[in-house]
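The values are calculated or read from the model by the stated rules, or taken from the named source; none is laboratory data. Predicted, not measured: the structure shown is a model, and the values here were computed from it. Here the Cβ positions follow ideal geometry from the backbone for every residue, glycine too, while neighbour counts run over all protein chains shown. With ligands, DNA and RNA removed, areas are computed over all heavy atoms of the protein, side chains included. Shrake-Rupley method; radii C 1.70, N 1.55, O 1.52, S 1.80 Å.
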Amino acid sequence: MAFWGIEIKPGEPYVHQYDDEKGRLHLSQATLGSGKSKEKAVVVCNVSDKKPIYLCSLLPRKMETCSLNIEFEEYDEVTFSVEGPHSIHLSGFFYGEEPNSDGDDYES
Amino acid sequence: MAFWGIEIKPGEPYVHQYDDEKGRLHLSQATLGSGKSKEKAVVVCNVSDKKPIYLCSLLPRKMETCSLNIEFEEYDEVTFSVEGPHSIHLSGFFYGEEPNSDGDDYES
Amino acid sequence: MAFWGIEIKPGEPYVHQYDDEKGRLHLSQATLGSGKSKEKAVVVCNVSDKKPIYLCSLLPRKMETCSLNIEFEEYDEVTFSVEGPHSIHLSGFFYGEEPNSDGDDYES
Amino acid sequence: MAFWGIEIKPGEPYVHQYDDEKGRLHLSQATLGSGKSKEKAVVVCNVSDKKPIYLCSLLPRKMETCSLNIEFEEYDEVTFSVEGPHSIHLSGFFYGEEPNSDGDDYES
Amino acid sequence: MAFWGIEIKPGEPYVHQYDDEKGRLHLSQATLGSGKSKEKAVVVCNVSDKKPIYLCSLLPRKMETCSLNIEFEEYDEVTFSVEGPHSIHLSGFFYGEEPNSDGDDYES
C-alpha cells in the first residue's frame, strides 16, 4: 500500500496508467488547490472511449473538499482533468501487488 | 474491478441490468452536471415493483457532490432517474466476477 | 446482496425486524423527501428499550443528503422514525445469508 | 454485530471501556442533539493519558451531522465529551467477538 | 487496532514514521481546532521527495470537519502540516501488526 497524490491543473490533464507492481488505485479525496475565482471546479474522468464523467464538483468558500471512493484497475488509460479555474488535489493509495500475481506462478 | 460512470438527464432514466461478468455494482459518487437552475436535483432509484427511493439530493452552488455507498446485485432491473432540472453524473465500479462463479464448477 | 430502501414519514415509524434470509442490514444514505418547511428533519433510531438515538439531521436547502455507515444485525426490533416536518428516504442493502448459516449444516 | 448509540451532553463525558464480548467499536456517525445556541459543538476524545483530540465539529443550521470512521479496540479507557452548548448523538456498532476467540479455548 | 490522533499547529509539521508494531495508519477524520480567523485551513501531506498534496481544506463556520480515508504504509517519512491560521486535529487508527509478520516465521 502506497500513498498516491496529484495536483491537476486546468488545461493539464493527468493520465493514469495501470501498473502491476503498484496495483489497484483507490481514489480517496479531492481538495481545491490554488485559484482566486469563486467559480466551481469539477474533476472529470475519461476511461478509454467512454463519455467523460464528473467525479466531483468543489465550490470555493463553501465546500472545498470531498471524499471519493472510486477504484481503478483498468488496463485502459484513465485521464483525470479539471473543469474550472482552480487546480484540484487528488489523493488516495495503491493497494500493491495482488497476492496471486506475486511471481510464484508462471503468469504472464 | 472496472470503472462505471453514467450521466442521467432529466426525463431519460437509465436502466441497470445485472451482468454476471461485470458483477456487483458499487455506486460511489453523485455529482451535479449541466443545468442553469438553482433548483435541487434528486437521484431516484426504482427496483422492480418497489416504491421509488431517493438516493441523494444535490443543491446547485451549495452541495454539488456527495458520496454514496450502495451496492446492486439484483437480477431485477434497477432504474436510476433524476428529478429536477439538472443532469447528475453517477460513478462507481463493478467488482467483477465472483470467484465461485467463474465457470470452473457446474453451477447453474 | 439486495437493495433496501424506505421512505419514513413524520408520525409513521418504520419497524425493521432481522430476517435470516436477508441478513445484516447496511444503512448507507439518508435523503430529504417531500415537505415544504425549512425546519430540519432528524432520523431517530430505537433499539429495544435503549434510549432513542439521532442518526442524522438534514437541513432543507442546505444539506439534504448524508452518508451513513451503520449496520443492524439485532434480533430485537429496530425502529426508525423522523422528527420534523419532512419525510426522509433511507437506502442501503442487505448482505444476504451468512455462509455459515446456509442450511448445509445442522446448526440450531 | 450490534448497534451502539449514545447521547453525550455538555459536562457529562461518556467513558467507553472495551468489552471482549462486544468487541471492537466502530464509531460511524455524529449528529447534533438538543440545544438552542448557534455555537458549534465539538466531540472530543481522550484515550488514557494522550492529549485530547477533536473528532468532529458540528454547526447548528449548517452542518448538523457527519460521518466518522473510527474504531476503538483499546484496553485503556476512551472518554468522549462535548465542547459547546449542544448535546451530540454518536452512533455505530460493535463487531462482536473475534472468530479466534469463539469457544475453541476455555474462555469464561 | 489502536486509536491515533494528533493536533497539527501552523508552523509545526508532524512527521509520521512507519512502525512495524503499530502497522498501517488509517487516517479517518480532520477537524478544525483552535484559531479565530475565518480563513480556511488546509492539511498538506509530504511523502519523501514527492510534491506536497492537499488532503483536505476546512472552512471556519461552514465546514469544520471532514472524513478522510487514506492509508499510510510507507517506509519513507510522511509529513503532515497545516496551511492557514488554524490548528487541525487528525484522527484515525493503526491496524496493528500484519498476521504474516508476527514473528512465527523466519521472514526477513
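State which residue pairs qualify: first residue more than 25 Å from residue B:60 (Cα to Cα) and inside the stretch B:20-36, second residue outside any strand (DSSP E or B) and of a type in the set (S, T, N, Q) in any location, beta carbons under 8 Å apart, and separation of 6 or more residues or different chains.
B:20/B:101
Looking at (1) at pLDDT 90 or above; (2) more than 23 Å from residue C:68 (Cβ to Cβ); (3) not in a strand (DSSP E or B), which one does residue B:51 not meet, given that it meets all the others?
(2)
Inside the stretch E:1-39, can you point out the residues that are farther than 17 Å from residue E:92 by Cβ and more than 14 Å from chain D (Cβ to nearest Cβ)?
Answer for the stretch E:1-39, where residues must be farther than 17 Å from residue E:92 by Cβ and more than 14 Å from chain D (Cβ to nearest Cβ): E:10, E:11, E:13, E:20, E:37, E:39.
Exactly one of (1) facing another protein chain (nearest Cβ under 10 Å); (2) open to solvent by less than 10 Å² (accessible area, probe 1.4 Å) is unmet by residue D:86. Its number?
Of (1) facing another protein chain (nearest Cβ under 10 Å); (2) open to solvent by less than 10 Å² (accessible area, probe 1.4 Å), only one is false for residue D:86: (1).
Looking only at the stretch E:32-61, how many residues end up being touching a Pro at 6+ places or on another chain (Cβ under 6 Å) and under 16 Å from residue E:11 (Cβ atoms)?
5
Here are some conditions: (1) facing another protein chain (nearest Cβ under 8 Å); (2) at pLDDT below 95. Residue E:103 meets all but one. Which one does it not meet?
Only one criterion in (1) facing another protein chain (nearest Cβ under 8 Å); (2) at pLDDT below 95 is unmet by residue E:103, namely (1).
Consider residue C:71 against the criteria (1) part of a strand (DSSP E or B); (2) acidic (Asp, Glu); (3) open to solvent by 60 Å² or more (accessible area, probe 1.4 Å): it satisfies all of them except one. Which criterion is unmet?
Here residue C:71 meets the rest and fails (3).
Output the qualifying pairs, or none if there are none: Cβ atoms under 6 angstrom, residues six or more apart or on different chains, first residue in the stretch D:42-53 and within 24 Å of residue D:85 (Cβ to Cβ), second residue of a type outside the set (Lys, Arg) and open to solvent by 60 Å² or more (accessible area, probe 1.4 Å).
Hits for this filter: D:42/D:83; D:44/D:52; D:44/D:83; D:46/D:52.
Give the residue, chosen from D:13, D:52, that is more than 11 Å from the chain's Cα centre (by Cα) and not aliphatic (A, V, I, L, M).
Testing whether each residue is more than 11 Å from the chain's Cα centre (by Cα) and not aliphatic (A, V, I, L, M) leaves just D:52.
Would you say residue E:64 is acidic (Asp, Glu) and closer than 19 Å to residue D:53 by Cα?
Taking the combined requirement at face value, the residue satisfies it.
From the residues in the stretch E:52-67 that are open to solvent by 20 Å² or more (accessible area, probe 1.4 Å) and more than 7 Å from chain A (Cβ to nearest Cβ), which one is nearest to residue A:6 (Cα to Cα)?
The selected residue is E:52.
Does any residue of the stretch C:19-39 turn out to be in contact with a strand residue (DSSP E or B) (Cβ under 6 Å, 6 or more places away or on another chain) and acidic (Asp, Glu)?
Taking the stretch C:19-39 as the starting set, the residues that turn out to be in contact with a strand residue (DSSP E or B) (Cβ under 6 Å, 6 or more places away or on another chain) are C:22-33.
Cutting the leftovers down to acidic (Asp, Glu) gives us none.
Looking for residues that are in contact with a strand residue (DSSP E or B) (Cβ under 6 Å, 6 or more places away or on another chain) and acidic (Asp, Glu), one finds none in the stretch C:19-39, hence no.
Scan the stretch A:78-96 and give yes if some residue there is in a loop (DSSP other than H, G, I, E, B), within 24 Å of residue B:69 (Cβ to Cβ), modelled with pLDDT of 90 or more and touching a Ser or Thr at 6+ places or on another chain (Cβ under 6 Å), otherwise no.
The answer is no, given that none of the residues of the stretch A:78-96 is in a loop (DSSP other than H, G, I, E, B), within 24 Å of residue B:69 (Cβ to Cβ), modelled with pLDDT of 90 or more and touching a Ser or Thr at 6+ places or on another chain (Cβ under 6 Å).
Restricting to the stretch C:58-82, what's the tally of residues that are free of Cβ contacts under 8 Å to residues at least 12 places away in the same chain and among the basic types (Lys, Arg)?
Qualifying residue count for the region: 1.
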